[in-house]
Amino acid sequence: MKVLANDGIAASGVKALEKAGFEVDLTTVAQDQLVDYLNSNEIDVLLVRSATKVRKDIIDNCNSLKIIGRGGVGMDNIDVEYAKQKGIDVINTPAASSHSVAELVFAHLFGLARFLHDANRNMPLDGDSKFKQLKKTYAKGIELRGKTLGIIGFGRIGQATAKVALGLGMKVIAFDPFLDAVNLELDFFDHQTVFFNINTITKEEVLQQADFISLHVPAQNEYVISTKEFELMKDGAFIVNAARGGVIDEVALVKAIENGKIAGAALDVFENEPTPEIQLLMNSSISLTPHIGAATSEAQDRIGTELAQQIIEILT
């Protein structure tokens, strides 16, 4: 059995697959050459992340394919139902990267609360000549402890984000159209366990009450946050999107920052990837990362291992 990990896979996954007798190909094949490559090499399993798209053309024209695997959560780059109709198994790793994304959310939140994203731009330029001026500029930071975090989308990643918030002493409120309540289990280093019951509320209530808002929703046909939603938020609120590009109206976001409604934002994903709008990249009130939510060594190890386990269970 041959596995093509077109967007890469951690060594842990390669090792597990090879131990089970699979041949793992780590070649990165261009999208327009993928059909020919899969057929000429008789690939049984195609593994992708977000870069490679697996649409009907691949599914229809690659008869050797038995499994399509997505290393991560969202499967919007795969025609999942169509593949299943054609008898191809589609797998992913929804839990493997949850904590990594949650930590990135808080890296952004801590940075925004203390202006680190902007200070790190200006200190190399003016730190030696305008130290006192910069100190004054960045002296109005706030603490996260005691503030309210609103989570929109309370699945695995939203819940992982809530756990970090609770550990910091924040109040957590959440909206999810499919969940009424969640009992969160927080595990600590000394084996103590604490449970928190979170009852979900309406999206409007989350927007009105939260000091910080974090989005954890799948790709949508329409914006989850646009002008109407920004108007509902507290003056001076912050918002983070480490979910999917296109769930925030970026034009409305810039306007909300410019008119003072929103104090700052953090974006790990963008409507136009890999070429985000320059108005976002140059805005000193926006903290930016290049879609790295799941990009930790630990998450990639878990993803590789989980994909391997699923493949082995299906094909052996």
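The values are calculated or read from the model by the stated rules, or taken from the named source; none is laboratory data. Everything numeric here is computed off the predicted structure, so don't read it as measured data. So basically every Cβ, Gly included, is an ideal-geometry build from the backbone, and we count neighbours across all protein chains shown. To get the accessible areas, we keep the full protein, side chains included, count just its heavy atoms, and leave off ligands, DNA and RNA. Shrake-Rupley method; radii C 1.70, N 1.55, O 1.52, S 1.80 Å.
Numbers at a glance
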| item | result |
| --- | --- |
| So ALA119, is it assigned to a helix (DSSP H, G or I) and either surrounded by 21 or more Cβ atoms within 10 Å (Cβ to Cβ) or touching a helix residue (DSSP H, G or I) at 6+ places or on another chain (Cβ under 6 Å) (or both) | no |
| Single residue of LEU166, LEU125, LEU134 found to be free of Cβ contacts under 8 Å to residues at least 60 places away in the same chain, more than 28 Å from LYS261 (Cα to Cα) and among the aliphatic types (A, V, I, L, M) | LEU125 |
| The stretch 37-71 - residue that is basic (Lys, Arg) and out of contact with any Lys or Arg (no Cβ under 8 Å at 6 or more places or on another chain) and, of those, most open to solvent (accessible area, probe 1.4 Å) | LYS56 |
| The one condition in (1) at pLDDT 95 or above; (2) within 18 Å of VAL206 (Cβ to Cβ); (3) out of contact with any helix residue (DSSP H, G or I) (no Cβ under 7 Å at 6 or more places or on another chain) that GLU258 fails to fulfil | (2) |
| Filter pass, LYS84 being among the charged types (D, E, K, R) and under 22 Å from GLU313 (Cα atoms) | yes |
| Tally of residues being surrounded by fewer than 17 Cβ atoms within 10 Å (Cβ to Cβ) and either closer than 20 Å to LEU215 by Cα or not polar (S, T, N, Q) (or both) across the stretch 262-286 | 7 |
| Residue match in the stretch 111-128 (condition: touching a strand residue (DSSP E or B) at 6+ places or on another chain (Cβ under 6 Å) and of a type in the set (A, V, I, L, M)) | yes |
| Matching residues in the stretch 143-177 - criterion: being in a loop (DSSP other than H, G, I, E, B), within 19 Å of ALA219 (Cα to Cα) and out of contact with any Gly (no Cβ under 8 Å at 6 or more places or on another chain) | GLY153, PHE154, GLY155, PRO177 |
| Residue list for the stretch 185-208, restricted to those being within 27 Å of ILE262 (Cβ to Cβ), open to solvent by 60 Å² or more (accessible area, probe 1.4 Å) and in a strand (DSSP E or B) | ASN199 |
